[in-house]
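Undergrad: Can you keep this structure in mind? I'll have questions shortly.
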Amino acid sequence: MSGAIGLSEVSDLHKDLGIASEEIASPEQAAKGLSMVVFSGDLDKVLAAMIIANGAAAMDLPVSIFFTFWGLNVLRREGPVHVTGKKTMVEGMFGRMMPRGPDHLQISKMKMGGLGTRMIKREMAKKHVATLTQLIQSAQEQGVRFIACTMSMDLMGIHKEELLPGIKYGNVGSFIDAADRSRITLFI
Amino acid sequence: MSGAIGLSEVSDLHKDLGIASEEIASPEQAAKGLSMVVFSGDLDKVLAAMIIANGAAAMDLPVSIFFTFWGLNVLRREGPVHVTGKKTMVEGMFGRMMPRGPDHLQISKMKMGGLGTRMIKREMAKKHVATLTQLIQSAQEQGVRFIACTMSMDLMGIHKEELLPGIKYGNVGSFIDAADRSRITLFI
Amino acid sequence: MSGAIGLSEVSDLHKDLGIASEEIASPEQAAKGLSMVVFSGDLDKVLAAMIIANGAAAMDLPVSIFFTFWGLNVLRREGPVHVTGKKTMVEGMFGRMMPRGPDHLQISKMKMGGLGTRMIKREMAKKHVATLTQLIQSAQEQGVRFIACTMSMDLMGIHKEELLPGIKYGNVGSFIDAADRSRITLFI
């Protein structure tokens, strides 16, 4: 490990990435459970992620989900939130353009101007599939660890008070640490 | 594990997710092989999935693929199929709008109104890359387990007689069980 | 393992897939590190991949990244490159239409005709997040193995002289071999 990465020295990189070296699992240690990155903010992909998380938790596996980039929107509270500290114009724009919480996500295909999302939701209700909000609640009740990516929060100007209660905050080091102790690792 | 998930009690969740607790791998058990979720129905992504599956099977690794959401379309038979039992109007619409089988998938980028897909297919043929249909056949011949997600089938109103022969049916519990015994886990 | 896959015999498949059977990890061998497929050529997804790769390398884990399909564009050198050997018309077209290197990738959402990408890049610079080019350099300096998928190169008509120096070339067998020795496996 040598050299700089341009804007930050590697020593900073360690800090920036949230890495503490004592966190690393030893190779002998048995890996267990599921670690996911939820990068996507598409309703269909996030539903798949939460169904997998609930399934694994119901099978008594430890589950960690790291929400980053567009996936961060899954954790946003509904409606406007009073934020201490000002947002820049671009941060404000991101906040308004991106969906505010699980109820506002759109599916990735057959969008038809929002009609596809409404149709899928109606079919889910008719067939007694839990809503995304219910799956998130159930996962939290089952002890699934939700981790918000602080680098994405910083980039998009999302503050802690805009996100769900009961979640943790971490950086890429938190994900790698969890993933390195898990049997199942997925990027969604 | 406490509380309800809204539409179903947690006891139902176990049943809904297709989980039998004796299925769980013990942490001491050596993990082996490859388990994939194929969520996407894009030609390029499904090609990548099937090339990885064939490669792993050729290296004598056990391979399981769980087809869910748009990925379910990969398993559909071509042409209209007589279905016992009526479809609702929305189910019928899903059936007609979504691609019927591997030959009807489109690539995810450079679509150019279908031209991109035709160009990629022509290049693949010219360069003797197997078609998606051939890769699926080869995978089945090599013993790759294909599992159709029954929750997605129910949601989209897809019936068993509309899907390929020789496949299995399962729920998220089937995927987690297989993934928990595998070294390599991917979400595509 | 029986039968043909249509265009190639299975014996060819082994060769085509770049598989040498002595490469397979024994089940007893401890798995370590991270293996990723970078299939996507979207700026946001590739950034996530490179942040994860740098993080894992900084935590002293061995990291391999297999660049395939659209992901191959991440490895392209900027500007026109003199290529020995002629390209077909379609290959030339692919080459011109697809982004040439990390600086030309676009984000997958909120594109707004290129404005979204410029805005994200400006926010990254303002908040001292390393650029994609810097993250790639840093990963290479930390010993991350970059593997270009030769099947994709062949399909898209991309030649070795068009790609970054210091990378390796391999086929799906290279990815499965690396992944089978890794704890963390991701498809991005």
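Undergrad: Can you find a residue in the range C:98-111 that is surrounded by 19 or more Cβ atoms within 10 Å (Cβ to Cβ), at pLDDT 95 or above and in a helix (DSSP H, G or I)?
TA: Yes, there is a match, as at least one residue in the range C:98-111 is surrounded by 19 or more Cβ atoms within 10 Å (Cβ to Cβ), at pLDDT 95 or above and in a helix (DSSP H, G or I).
Undergrad: Something else about it: Just to be sure before I move on: is C:SER138 modelled with pLDDT of 95 or more, under 13 Å from the mean Cα position of the chain (by Cα) and surrounded by 18 or more Cβ atoms within 10 Å (Cβ to Cβ) in the structure I sent?
TA: On the way: modelled with pLDDT of 95 or more: yes; under 13 Å from the mean Cα position of the chain (by Cα): no; surrounded by 18 or more Cβ atoms within 10 Å (Cβ to Cβ): yes.
No.
Undergrad: Out of curiosity, is C:MET93 over 30 Å from C:ARG183 (Cα atoms) and more than 15 Å from the chain's Cα centre (by Cα)? Break it down stepwise before answering.
TA: Working: over 30 Å from C:ARG183 (Cα atoms): yes; more than 15 Å from the chain's Cα centre (by Cα): yes.
Yes.
Undergrad: Looking at the range C:73-97 only, could you name the residues that are within 24 Å of B:LYS121 (Cα to Cα), free of Cβ contacts under 8 Å to residues at least 24 places away in the same chain and open to solvent by less than 80 Å² (accessible area, probe 1.4 Å)?
TA: Looking only at the range C:73-97, we keep the residues that are within 24 Å of B:LYS121 (Cα to Cα), and these are C:73-76, C:85-97.
After this cut, where a residue has to be free of Cβ contacts under 8 Å to residues at least 24 places away in the same chain as well, the list is C:86, C:89, C:93, C:96-97.
Within the range C:73-97, just C:MET93 meets the criteria.
Undergrad: Look at the range B:143-174 and say how many of its residues are out of contact with any Gly (no Cβ under 9 Å at 6 or more places or on another chain), within 19 Å of B:LEU61 (Cβ to Cβ) and in contact (Cβ under 8 Å) with a residue 40 or more places away in the chain.
TA: 3
Undergrad: Confirm whether C:THR150 is touching a Phe, Trp or Tyr at 6+ places or on another chain (Cβ under 9 Å), at pLDDT 95 or above and open to solvent by 10 Å² or more (accessible area, probe 1.4 Å). Talk me through it step by step, then tell me what you get.
TA: Values: touching a Phe, Trp or Tyr at 6+ places or on another chain (Cβ under 9 Å): yes; at pLDDT 95 or above: yes; open to solvent by 10 Å² or more (accessible area, probe 1.4 Å): yes.
Yes; evaluated as a whole, the condition is true for this residue.
Undergrad: Would you mind telling me which numbered condition in (1) within 14 Å of chain C (Cβ to nearest Cβ); (2) part of a helix (DSSP H, G or I); (3) open to solvent by 50 Å² or more (accessible area, probe 1.4 Å) B:GLY166 fails?
TA: Among (1) within 14 Å of chain C (Cβ to nearest Cβ); (2) part of a helix (DSSP H, G or I); (3) open to solvent by 50 Å² or more (accessible area, probe 1.4 Å), the lone unmet condition for B:GLY166 is (2).
Undergrad: Continuing with the same structure: Going through the range A:116-154 one residue at a time, which ones are facing chain B (nearest Cβ under 8 Å), of a type in the set (Lys, Arg) and not in a helix (DSSP H, G or I)?
TA: Answer for the range A:116-154, where residues must be facing chain B (nearest Cβ under 8 Å), of a type in the set (Lys, Arg) and not in a helix (DSSP H, G or I): just A:LYS127.
Undergrad: Residue check: is A:PRO62 under 14 Å from the mean Cα position of the chain (by Cα), within 14 Å of chain B (Cβ to nearest Cβ), open to solvent by 10 Å² or more (accessible area, probe 1.4 Å) and not hydroxyl-bearing (Ser, Thr, Tyr)? Steps first, answer last, please.
TA: Numbers: under 14 Å from the mean Cα position of the chain (by Cα): no; within 14 Å of chain B (Cβ to nearest Cβ): yes; open to solvent by 10 Å² or more (accessible area, probe 1.4 Å): yes; not hydroxyl-bearing (Ser, Thr, Tyr): yes.
When the stated conditions are applied, A:PRO62 does not pass them.
The values are calculated or read from the model by the stated rules, or taken from the named source; none is laboratory data. Note that the structure is predicted; figures quoted are calculated from it, not measured. So basically every Cβ, Gly included, is an ideal-geometry build from the backbone, and we count neighbours across all protein chains shown. These accessible areas exclude ligands, DNA and RNA; they are computed on the full protein's heavy atoms, side chains included. Shrake-Rupley method; radii C 1.70, N 1.55, O 1.52, S 1.80 Å.
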